[in-house]
Amino acid sequence: MEPVIWLGVIGAAALIAFFFLIFLVKQYKRCPSNRILVIYGKVGSERASKCLHGGGAFVIPLIQDYEYLSLEPLVIEIPLEGALSLNNIRVNVPSTFTVGISTDPVLMNNAAERLLTLSDTAIRDQAQDIILGQLRLVIATLSIEEINKDREKFMTLINENVADEINKVGLVLINVNIRDITDESGYISAIGKRAAAEAINRAKVEVAQQEREGAIGEAEAVRQQEVRVSEENAKTEEGRKQAEKTQRLALATFEAEAVTGEVESRRNQEIATAERKAETSVAAKNAEKIERVEIAKAESIARQGENASAAEIADSDARLAEIRAETKRRSDVAAADASRAILEMERKEELARLAKDVIAPEEIRKQQIEIAAEATAEKSRREAAGEADAIIARYNAEAEGVRNVLKAKADGYRELLAACAENPQIAPTLLLIEQLPELVKEQVKAISNLKIDKITVWDGGRGESGRGSTSDFLSGLIGSLPPMHELAQQAGIELPGVLGKIGSSSTAVEAKPLADPDPVLDED
């Protein structure tokens, strides 16, 4: 029994060892090339995790565990809009950033500490927030001209700032793609149009310059052709004149030789004939004279040929100079035309710039002034129309009130006349009595403005009527007011008979002398 027991124990131990070996093999974790193996738990002093890229490591059960971080790139869309640049112009910079977890040991530890359990969406959101903030910061340090023109500087600043920030969470910047740069005010578009216009103008100037050089080259070739043709024609004419001269000289030589032979034979004949010695001598002299004359004629003819040839050469030179002058004139005209075309293009460019920088703002300011003036005028017109309507309404109301008053008076007058039907003269009397207070008030106004500093009365005592002179003076002053009958007559009203009538003649009042011849001064 003992061997069997020992065999059972050995078999159980072997089985346990086999399972333990399988467990140990499973605890050895290999890291693929597109992942990072993060072993966390108790991995060493002052370390939160151990990161491996490639290879493998043994994960101790119970005290260690592991996770993988993917190295696959994350494409992040950045729809940046309204970012404020250095010169306070808001720009739109839609872009695409490609990031991924770095394999640098320090950055791998950062990723293990901050991104280990996050999903790809969470990692993308976190990176997007960081990139948006840094991208706005970079745009705020650059003017819109630098963003639009110096793209290399823009991309360098983006790579530096964004890379530094995303490295803190273990990410690395792989690629940046700026799709477009626009602004809300249209400034970048205007810069592009200006650059296009400048390029078109430069192209036009270069075309004009090339056309000018082509015209100059063509004129130069024509001039050289005409000069060569003139030279060849001059050489041909010179050869022809030289041949004529040679021919004339040969003929003269032949004639001279013939004459010489003839003279020699005559001289021999004269020598042979002694008797004709004198004649031979004369003949010899004549022969010499003829020879000299003929030689002089030949020389004259040759000289004339030379002179004619020289004259033709001078004429050819003059024509050549004329051709050269005409060619130079054409060249100068072509150069002047090209310069004028360039100046015309520069003038058009300057006018376009002036229209954009000066005339357009002035037109906008003018339209603004016109709109403000029209608004003010419309406001004034509406206020005037409202005031006119109010005045018309007030006048209509006043007219309606006067009409009602007159209507009421007319009704009253009719009732008054109806009441006085038996004695119509009573109606004017009643109306006059009604107006007497106003009439008296107006009469009092006639003397109300008179300034009387003092009144001096010379009173000698009692008068004949028993009253004092002062009382007589006052009653005379009151009597000086217009009588009622005269006032009614001035108003065109006839008073009733009960008040009396005015006679045809006025009664004169005789002044009485003072009782006391020695007056006494009384001042009041």
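Where a number appears in this text, it was derived from the coordinates with a stated rule and is not lab data. Computed from a predicted model, the values in this text were never measured in an experiment. Please note: Cβ atoms are built from the backbone with ideal geometry, for glycine as well, and neighbour counts cover all protein chains shown.
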Dipole-positive endmost among 307, 323, 233 within the stretch 215-357 (Cβ charges, Cα centre): 307
Size of electric dipole in the stretch 57-163: Cβ of Lys, Arg +1 and of Asp, Glu -1, about Cα centre, debye, nearest 20: 320 debye
Centre separation in Å (Cα based) which lies between the stretch 158-190 and the stretch 75-110: 5 Å
Exceeding the 25 Å Cα-Cα cut-off - candidates 241/297; 153/193; 193/348; 241/285; 235/297: 241/285; 235/297
Extension gain, residue 179 back to residue 322 (0.36 nm per residue minus Cα-Cα distance, nm): 44.9 nm
Environment charge at residue 86 (Cβ cut-off 11 Å; Lys +1, Arg +1, Asp -1, Glu -1): -2
Set of lysines near residue 26 by C-alpha distance (under 20 Å), chain-local residues within fewer than 8 positions excluded: 42, 50
Note, ³J(HN,Hα) from phi for the stretch 123-136, Karplus 6.51, -1.76, 1.60, rounded to Hz, x at Gly and Pro: 5, 5, 5, 5, 5, 5, 4, 5, 5, 4, x, 5, 5, 4
3J(HN,Hα) from dihedral phi, the stretch 308-323, Karplus parametrisation 6.51/-1.76/1.60, rounded to Hz, x for glycine, proline: 4, 4, 5, 5, 5, 5, 4, 4, 5, 5, 5, 5, 4, 5, 4, 4
Derived scalar couplings ³J(HN,Hα) [the stretch 28-43; Karplus, 6.51 cos²θ - 1.76 cosθ + 1.60; whole Hz; x for Gly, Pro]: 8, 9, 9, 9, x, 6, 9, 9, 10, 8, 10, 9, 10, x, 8, 10
Proxy reagent accessibility, fewest Cβ within 10 Å first, across 245, 297: 297, 245
